[in-house]
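Before any comments, here is the structure.
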Amino acid sequence: MEKTKNTHRILTIISLIVFITYFSCSSSDTDLSQEIEEVVIPVPEPEPDPVPEPEPEVIIDEDTGPYTTCNPEGENATRTSNDLPNPVNVGTIDDRSCYANYKEVEIDGLTWGIYNITAGSNNQDAPNTLQPRIERSLPVANSNVGSSVKFTGDFRILEVADAGSFGQDGTYIAQAKGQHTGGGGSADPAICLYRAHPVYGTGSKADKQVAFDIYAERILERGGSGSGREVVLLKRVNKNEITSFVLEVGFKVDPSDSSKKIHYCNAIIGGEAFNWNIPSPERGTQSKIRYGAYRVRGGRAQIRWANTTHERVQN
C-alpha cells in the first residue's frame, strides 16, 4: 500500500512537471505570435516663421508719391537763369522744366547733381514741340583729325519715363551731338543718345522700377529725313546703383586709308566699352556732349550725376 502511494505521488509530480513545461512553451509561442509591431507616428516639424518683407530702401534724394507738373520752386525765367552759383557738375545749364530746378545733395561725402523732370513740364519752348530736359552743355571741338571732347562722371538712376510703349518710354542721360555739312535734319542734331528704359520688379515690386536697360540710339545717316535711328541695347544697371560713365567723341585718321578720317563715338559704361563710328565722317563739322536728364513722354524722370569732368582737345 505504501508503495502504491509513492508511485501515485511520483506520477503526480511528473504530470505536474509536464504540465508546467507545456504551459510555459505554449505561453512563449503565444507571446511571439501576438507580438505587436511598433507604429511610429512622425511628429511634423514646426512651421518656420514667415520671412518678413524687407524694409524698402530709403533713398534720401528720391522724389516719391504724387506730384504736379509745375511747381513754384521749379519755375525759371530762362533756360540758364536758375543754376546754382558754383555747381559741382561741369557745363552750362539748359533747364526746360518747371517741375524742379537743378539741386545738389551730399551722400556719404559725395555731392550729386539732381536732375528731375516730368512729362509736359517744358515751359521754355512752344507747347507740344520739344521734350522737357535739364541738361548741361559742354565746349565744342572742331572736326580736325585729333580733335575730341571727353566727358566722365558717375550716374545713378532713380526713375525714368514710362509712356506705355517702347518707342515712347525711357529718358536720355547723355548724348553726343554735332553739326554737319550738306544740310538736312536739325540745326543742332543729336548723333547718339544714351537712353534708360524702366525694368519693373515682380511680386510686391511689380509696379516699381527696380533696374534700367541702357540703350544707344544712333543715327543711321546724317540729316536723313525719315531714316530714323537704330536702338541698340548696351547693358542693365540697378536702381540707385553708382555707375561710371565715359563718353569720347572726336576725329581720327582712318587706319585703312590715311586720306580719310573716322568720326568716333566711344562710351564706357560701368567698365564695359561700347565703341561706334558715326556715318559720313567727312560731313561732320564738330563734336560735343550734353548730359543730365532729357525726354519724359510719360511720368517722371530722376537722374543723378557726380564726379563730372570734361576735356577738349582742339587741333
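The values are calculated or read from the model by the stated rules, or taken from the named source; none is laboratory data. Model, not experiment: these values are computed from the prediction. A quick note on method: Cβ atoms are made from the backbone with ideal geometry, for glycine too, and the neighbour counts reach across all protein chains shown. The accessibility values were calculated without ligands, DNA or RNA, using every heavy atom of the protein model including side chains. Shrake-Rupley method; radii C 1.70, N 1.55, O 1.52, S 1.80 Å.
Quick notes
- Per-residue SASA entry for ARG297, accessible area with 1.4 Å probe, Å² rounded to 10: 110 Å²
- Annotation for CYS70 and VAL105: the two label points, set 7 Å from Cα along the Cα-Cβ direction, are 2.6 nm apart.
- Surface per residue (accessible, 1.4 Å probe) for the stretch 162-269, Å²: 44 Å²
- Taking every Cα-Cα distance in the stretch 51-137 and sorting them into 10 Å bins starting at zero, the pair-distance distribution P(r) comes out as 16, 43, 28, 9, 4, 0 percent.
- Accessible surface of the stretch 92-313 [probe 1.4 Å, protein heavy atoms]: carbon and sulfur percent: 45 percent
- Kirkwood radius and radius of gyration were both taken over the C-alpha atoms of the stretch 92-313, and their ratio Rg/Rh is 0.97.
- Computed over neighbours whose Cβ is under 9 Å from that of ASN116, the net charge equals 0, Lys and Arg +1, Asp and Glu -1.
- By average C-beta atoms within 10 angstrom, highest first, the peptides 124-134, 156-166: 156-166, 124-134
- Mean Cβ neighbour count within 10 Å, used as a protection proxy, ranking 81-88, 95-102, 70-77, 240-247 highest first: 95-102, 240-247, 70-77, 81-88
- Karplus 3J(HN,Hα) series, Hz, for the stretch 227-244 with 6.51 cos²θ - 1.76 cosθ + 1.60 (x for Gly, Pro): 6, x, 9, 8, 10, 10, 6, 9, 6, 10, 10, 7, 4, 6, 6, 6, 10, 6
- Cut-off 14 Å (backbone N to label point 7 Å along Cα→Cβ of ASP125), residues of the stretch 156-191: 172, 186-191
- The slack in the chain from ASP257 to ILE242, taken as 0.36 nm per residue of separation less the alpha-carbon distance, amounts to 1.4 nm.
- Links that overshoot a 24 Å alpha carbon limit, given the list LYS177/LYS235; LYS177/LYS261; LYS205/LYS239; LYS103/LYS235: LYS103/LYS235
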